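Reading through the structure tokens given below for one structure.
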Amino acid sequence: AQTVTQSQPEMSVQEAETVTLSCTYDTSENNYYLFWYKQPPSRQMILVIRQEAYKQQNATENRFSVNFQKAAKSFSLKISDSQLGDTAMYFCAFMKRGGSQGNLIFGKGTKLSVKP
Amino acid sequence: KAGVTQTPRYLIKTRGQQVTLSCSPISGHRSVSWYQQTPGQGLQFLFEYFSETQRNKGNFPGRFSGRQFSNSRSEMNVSTLELGDSALYLCASSLEQGTYNSPLHFGNGTRLTVT
């Protein structure tokens, strides 16, 4: 069975600074996908970024980028130039290839606070 | 285009009662998934429907059930409510059944409190 671990329950960062959220996972699968979701106080989960395990190049979406280390089973999220609107819960998620996005395995989340 | 709509937003029920939650997916989306979110267990997958058929089911007791209608709207039902069923229930829709390139779009959830 796959597991996803986020070791930082809470983090804070000053506005405009950079912060990195950690995620490790355990799987025996070789082909899979990884995701970061954001859940602001509105409760709606929003996809931030996604990575295909067979692609060595790290995914980037504007201020968000990942550091994917397949051998170490690590998938960290870096937020550059943090903004107040980045304040939210961040969840790392795993999906095996051939699986379904409707059946994601989520970590317990990291609560990020961006301070002015 | 309207997003995923979940109703009601808040619900208070008593132990032993049953409850039905509703989810209207984004127009054109054919897949609907349900998740339970609690502080202790985090986000846990309940089930996934595609074209009115349950395609995947999580590890929940039979008291949790769901269905999908021909217009892709979905309902989930919890019977004989227990205190531990208190949670945020999230619905998500996608264009196709869970491919990598068919991302999930989540609703705002229904907050269920069981007293």
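The values are calculated or read from the model by the stated rules, or taken from the named source; none is laboratory data. These figures come from a predicted structure and were not determined experimentally. Here Cβ is always computed from backbone atoms with ideal geometry, including for glycine, and neighbour counts include all displayed protein chains. Only protein heavy atoms, including side chains, enter the accessible area calculation; ligands, DNA and RNA are left aside. Shrake-Rupley method; radii C 1.70, N 1.55, O 1.52, S 1.80 Å.
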Point to revise | Cross-link pairs A:Lys96/B:Lys1; A:Lys78/B:Lys57; A:Lys108/B:Lys57 - those with Cα-Cα distance over 26 Å | key: A:Lys96/B:Lys1; A:Lys78/B:Lys57
Study note, to complete from the structure: Note, segment A:42-56: 3J(HN,Hα) by Karplus (6.51, -1.76, 1.60, θ = phi - 60°), whole Hz, Gly/Pro = x, goes 5, 6, 7, 6, 10, 5, 9, 6, 9, 9, 8, 5, 7, 9, 6
Check your understanding: Solvent-accessible area per residue for segment B:47-114 at a 1.4 Å probe radius, Å²?
Key -> 42
Exercise for review: Only Lys, Arg, Asp and Glu count, each charged at its Cβ (+1, +1, -1, -1), so figure out the dipole size of segment B:1-65 about its Cα centre, rounded to 20 debye.
Suggested key: 120
Practice item. Take every DSSP beta bridge with both residues inside chain A and express the antiparallel ones as a percent of the total, to the nearest 5. Key: 85
Point to revise | Solvent accessible area, Å² - A:Lys96, 1.4 Å probe, full protein context | key: 90
Review point. Where the centre of each part is set by its Cα atoms, how far does segment B:49-71 sit from segment A:1-77, in angstrom?
Key: 28
Practice item. Taking the Cα centre of segment A:6-116 as origin, sum charge times position over the Cβ atoms of Lys and Arg (+1) and Asp and Glu (-1), and report the length of that vector in debye to the nearest 20. Key: 280
Point to revise | Cut-off under 5 Å, modelled amide H: who pairs with B:Thr5 long-range | key: B:Ser24
Check your understanding: With all protein chains present and a 1.4 Å probe, how do A:Asp86, A:Asp81 order by accessible area, largest first?
Key -> A:Asp81, A:Asp86
Check your understanding: Tell me, what % of the accessible area of the protein assembly as shown is carbon and sulfur with a 1.4 angstrom probe?
Key -> 45
Exercise for review: Considering the options A:Thr20, A:Gln57, A:Ala71, tell which one lies farthest towards the positive end of the dipole of chain A, charges being +1 on Lys and Arg and -1 on Asp and Glu at the Cβ, about the Cα centre.
Suggested key: A:Ala71
Point to revise | Distant-in-sequence amide H partners of A:Ala59 (H built 1.01 Å from N, under 5 Å) | key: A:Val66
**Study point:** Protection proxy ranking of B:82-88, B:13-19 - average other beta-carbon atoms within 10 Å, highest first
**Key:** B:82-88, B:13-19
